[in-house]
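Working notes, beginning with the structure itself.
The values are calculated or read from the model by the stated rules, or taken from the named source; none is laboratory data. Quick caveat: nothing in here was measured; it's all calculated off a predicted structure. As a convention, Cβ positions derive from the backbone with ideal geometry for all residues, glycine included, and neighbour counts pool all protein chains shown. What goes into the accessible areas is simple: the full protein's heavy atoms, side chains included, and nothing from ligands, DNA or RNA. Shrake-Rupley method; radii C 1.70, N 1.55, O 1.52, S 1.80 Å.
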There are 2 protein chains.
Amino acid sequence: MPGEFELIARHFVRPTPQTVLGPGDDCALLAPSPGVELAVSTDMLVAGTHFLPDTDPRQLGWKTLAVNLSDLAAMGAQPRWVFLAGSLPCARDDWLAPFAEGFFACAREFSVDLAGGDTTRGPLNLCVTAIGELPVGGALRRDRAMIGDDLWISGQPGLAALGLAHLQGRIRLPDPWEHRCLAALQQPQPRVQLGLILRQHRLARAAIDVSDGLLGDLHHLLERSQLAAEILVARLPPPPPDIDQDLALHCQLAGGDDYELLFSAARQDRDQLTAWARELGLPLWRIGRTVAGEPGGCSVIAADGRPLTIDQRGFDHFG
Amino acid sequence: MPGEFELIARHFVRPTPQTVLGPGDDCALLAPSPGVELAVSTDMLVAGTHFLPDTDPRQLGWKTLAVNLSDLAAMGAQPRWVFLAGSLPCARDDWLAPFAEGFFACAREFSVDLAGGDTTRGPLNLCVTAIGELPVGGALRRDRAMIGDDLWISGQPGLAALGLAHLQGRIRLPDPWEHRCLAALQQPQPRVQLGLILRQHRLARAAIDVSDGLLGDLHHLLERSQLAAEILVARLPPPPPDIDQDLALHCQLAGGDDYELLFSAARQDRDQLTAWARELGLPLWRIGRTVAGEPGGCSVIAADGRPLTIDQRGFDHFG
């Protein structure tokens, strides 16, 4: 069986053109661009909590990195470097090779260097730390929404949760939707380009990525901005037909694992946002607005105009 | 039972005076000092692999951070920010409170901000990413040793391994040594100050921190520098008396968990290093020298002048 160092070298040491000194020393050395702030995020994915132990390793490799880049996207940062620490029950080439393939496919797609990491033996656990760059003061923070802002969401929230329900046999998705929902679940696309555009063109006042469910993450944005909100269900993208529409709505509002960007923007920027959505080929949905009220509170208005009650808190690991 | 967010706030959100934006957003925001390089290290500690699940949480909190700062010390970096991701089987205040106390005691001691993190449910696993600053080009790398350099080690390697043997009942340490060995095991002191001095005064050519055992980590330094070495056992600090001297020597050379700095230095800097050892109150032992030879190779000469054979590779998680 190969040793730890051979294993790392075989699968995880790739060229690091953006890095002064990559894997192989006590630390990686990075040279930040002049005059930037760094956005740093760390996320831990645990077998049995965030994914099933028998998840396809290539998909897991992609997703492990993608969910971290989504946090950088939500700040409007340009991803630069990532670090991967992993605990593995055993070191198997036939698992590590496809995992690394998925991880580096995502790294190439978003032009980041894997600059360092750590491997050890233990229950399967993957921890990524991602570092991006931003101009000083330019970050899209959660706490900058203003009263009367429009609330927008990218893509189609709920697909990943529907994909999971499909895999679990709780629903049976019709054909083009099955593919879309499984792709959303297994190979989420961090909205890095959208985040950069929102930041560069000052089109978002506050932003967050939706990982715990739309309403749960909206709640965090509202709490930090000391505002409330109204969300109109009729404004959400239409869910797949021929499935339980209550389940579909629940997945949209509280499903989690979406990695879409939820952001607040001034009313006068509606046209520009619509134009960017076309340019990027990524739908942007104007689903409501911020209002005065109990910080974090959110009214959801159903398609028939009646208020909806739903658990807003999203997924909470120790709740 | 408190939720994830309440739990984080209660134990892990402390003032972050060095940080533009600390915990609570998608990313932390850091402003690196002008003209620096960043040294970044990530380390994962797993219950059952790196520590016993019933380890005192306060000591574990300290050590979780200390072992990462040791990597920054080995590059000569000034620690600035750390990130903590943790997977916990359950969220218990009576474990988290002392863990946080130990972690922040170490953070205060070395003036770092806990700028962000992640908590989740799962088997006990702690992952720290530490970021430090260095002048451009100033890092103490592993690959810069030169032929004929002296090899030095700080403190007293082997104590942590002896402490572990004592706890496991394999040896019985006499009294002042018991305390010293357990302290080395449970509350290791990252040699941050030494690393800064070695870097600022250009007193080390190459450096590494000793976490996997003196010979194992020396092997890494030598491999990267394409050199061999001779180590003189008689130059090591005297081990505790009244215990098996073979075990004591094995702990010194291959024990692991030392977090001392091993470095190469020019002969003409001997006096200055001896003076700094006094100034810092930290012994520095000149234990050998680099020589030409098979890269990574190391001859160990016993006190009686005969060559010693020992497993050089140290601890390897998948070996």
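For the stretch B:153-227, which helices (runs of 4 or more DSSP H) that fit wholly inside it have 2 or more residues that are within 14 Å of chain A (Cβ to nearest Cβ) and in contact (Cβ under 8 Å) with a residue 40 or more places away in the chain?
On the way: elements: B:159-167, B:175-186, B:192-200, B:214-225.
Per the criteria, B:192-200, B:214-225.
Condition first: over 13 Å from the mean Cα position of the chain (by Cα), closer than 30 Å to B:A105 by Cα and modelled with pLDDT of 95 or more. Can you find one or more residues in the stretch B:227-234 that meet it?
Residues of the stretch B:227-234 over 13 Å from the mean Cα position of the chain (by Cα): B:227-234.
Now restrict to residues that are closer than 30 Å to B:A105 by Cα: none.
Looking through the stretch B:227-234, none of the residues is over 13 Å from the mean Cα position of the chain (by Cα), closer than 30 Å to B:A105 by Cα and modelled with pLDDT of 95 or more.
Give the residue that is farthest from A:S211 (Cα to Cα), with candidates limited to residues of the stretch B:1-36 that are among the aliphatic types (A, V, I, L, M), open to solvent by 30 Å² or more (accessible area, probe 1.4 Å) and not in a loop (DSSP other than H, G, I, E, B).
Per the stated criteria, the residue is B:A9.
Among (1) over 20 Å from the mean Cα position of the chain (by Cα); (2) over 30 Å from B:L249 (Cα atoms); (3) at pLDDT 95 or above, which single condition is B:E109 missing?
(1)
Which residue pairs have Cβ atoms closer than 7 Å, lie 6 or more positions apart in sequence or on different chains, and pair a first residue in the stretch A:258-285 that is among the aromatic types (F, W, Y) with a second residue that is surrounded by fewer than 18 Cβ atoms within 10 Å (Cβ to Cβ)?
Listed by first residue and then by second, the contacts come to A:W285/A:R235; A:W285/A:P237.
Can you run down the residue pairs with Cβ atoms below 7 Å, 6 or more apart or on separate chains, where the first is in the stretch B:126-147 and small (G, A, S) and the partner is open to solvent by 30 Å² or more (accessible area, probe 1.4 Å)?
Listed pairs, sorted by first residue: B:G132/B:Q78; B:G132/B:R80; B:G138/B:R199; B:A145/B:R205.
Any chance you could count how many residues in the stretch B:197-216 are open to solvent by less than 10 Å² (accessible area, probe 1.4 Å) and either under 15 Å from the mean Cα position of the chain (by Cα) or more than 21 Å from B:G138 (Cα to Cα) (or both)?
Residues in the stretch B:197-216 being open to solvent by less than 10 Å² (accessible area, probe 1.4 Å) and either under 15 Å from the mean Cα position of the chain (by Cα) or more than 21 Å from B:G138 (Cα to Cα) (or both): 8 in total.
Counting only residues that are in a loop (DSSP other than H, G, I, E, B) and closer than 30 Å to A:H50 by Cα, which one in the stretch B:113-139 is farthest from the other protein chains (Cβ to nearest Cβ)? Explain how you work it out, then say what you get.
First, pick out the residues of the stretch B:113-139 that are in a loop (DSSP other than H, G, I, E, B): B:122-124, B:136-139.
Retained after the next criterion (residues that are closer than 30 Å to A:H50 by Cα): B:122-124.
Working: B:G122: 3, B:P123: 4, B:L124: 9 Å.
Among residues in the stretch B:113-139 that are in a loop (DSSP other than H, G, I, E, B) and closer than 30 Å to A:H50 by Cα, the one farthest from the other protein chains (Cβ to nearest Cβ) is B:L124.
Return the residues of the stretch A:274-298 that are open to solvent by less than 70 Å² (accessible area, probe 1.4 Å), within 22 Å of A:G155 (Cα to Cα), outside any loop (DSSP other than H, G, I, E, B) and out of contact with any Lys or Arg (no Cβ under 8 Å at 6 or more places or on another chain); say none if nothing qualifies.
Across the stretch A:274-298, the qualifying residues are A:T274, A:A275, A:W276, A:A277, A:L280, A:L284, A:T290, A:C298.
Output the residues belonging to the stretch A:68-108 that are within 11 Å of chain B (Cβ to nearest Cβ), assigned to a helix (DSSP H, G or I) and open to solvent by 10 Å² or more (accessible area, probe 1.4 Å).
A:D71
Do the conditions hold for B:P15, that is, is it of a type outside the set (A, V, I, L, M) and modelled with pLDDT under 95?
Details: of a type outside the set (A, V, I, L, M): yes; modelled with pLDDT under 95: yes.
Here the answer is yes, as B:P15 does meet what is asked.
Among the residues of the stretch A:233-246, is there at least one that is open to solvent by less than 10 Å² (accessible area, probe 1.4 Å) and touching a Lys or Arg at 6+ places or on another chain (Cβ under 9 Å)?
yes
If you go through the stretch A:247-273 one residue at a time, how many are part of a loop (DSSP other than H, G, I, E, B) and either open to solvent by 60 Å² or more (accessible area, probe 1.4 Å) or of a type in the set (F, W, Y) (or both)?
Initial filter on the stretch A:247-273 (part of a loop (DSSP other than H, G, I, E, B)): A:255-259, A:266.
Narrowing further to those that are either open to solvent by 60 Å² or more (accessible area, probe 1.4 Å) or of a type in the set (F, W, Y) (or both): A:259.
Summing the residues that are part of a loop (DSSP other than H, G, I, E, B) and either open to solvent by 60 Å² or more (accessible area, probe 1.4 Å) or of a type in the set (F, W, Y) (or both) in the stretch A:247-273 gives 1.
For the stretch A:23-36, name all the residues that are out of contact with any helix residue (DSSP H, G or I) (no Cβ under 8 Å at 6 or more places or on another chain) and either touching a residue at least 40 places away in the same chain (Cβ under 8 Å) or at the interface with chain B (Cβ under 7 Å from one of its Cβ atoms) (or both). It would help to see each step written out before you state the result.
Residues of the stretch A:23-36 that are out of contact with any helix residue (DSSP H, G or I) (no Cβ under 8 Å at 6 or more places or on another chain), as a first pass: A:28, A:30-36.
Listed by number, the residues that qualify are A:A28, A:L30, A:A31, A:P32, A:S33, A:G35, A:V36.
Output the number of residues of the stretch B:37-54 satisfying the condition of being more than 27 Å from A:V20 (Cα to Cα) and either open to solvent by less than 10 Å² (accessible area, probe 1.4 Å) or more than 8 Å from every other protein chain (Cβ to nearest Cβ) (or both).
The initial filter retains those residues of the stretch B:37-54 that are more than 27 Å from A:V20 (Cα to Cα), namely B:46-54.
Right, trim to either open to solvent by less than 10 Å² (accessible area, probe 1.4 Å) or more than 8 Å from every other protein chain (Cβ to nearest Cβ) (or both) and you get B:46, B:51-54.
Residues in the stretch B:37-54 being more than 27 Å from A:V20 (Cα to Cα) and either open to solvent by less than 10 Å² (accessible area, probe 1.4 Å) or more than 8 Å from every other protein chain (Cβ to nearest Cβ) (or both): 5 in total.
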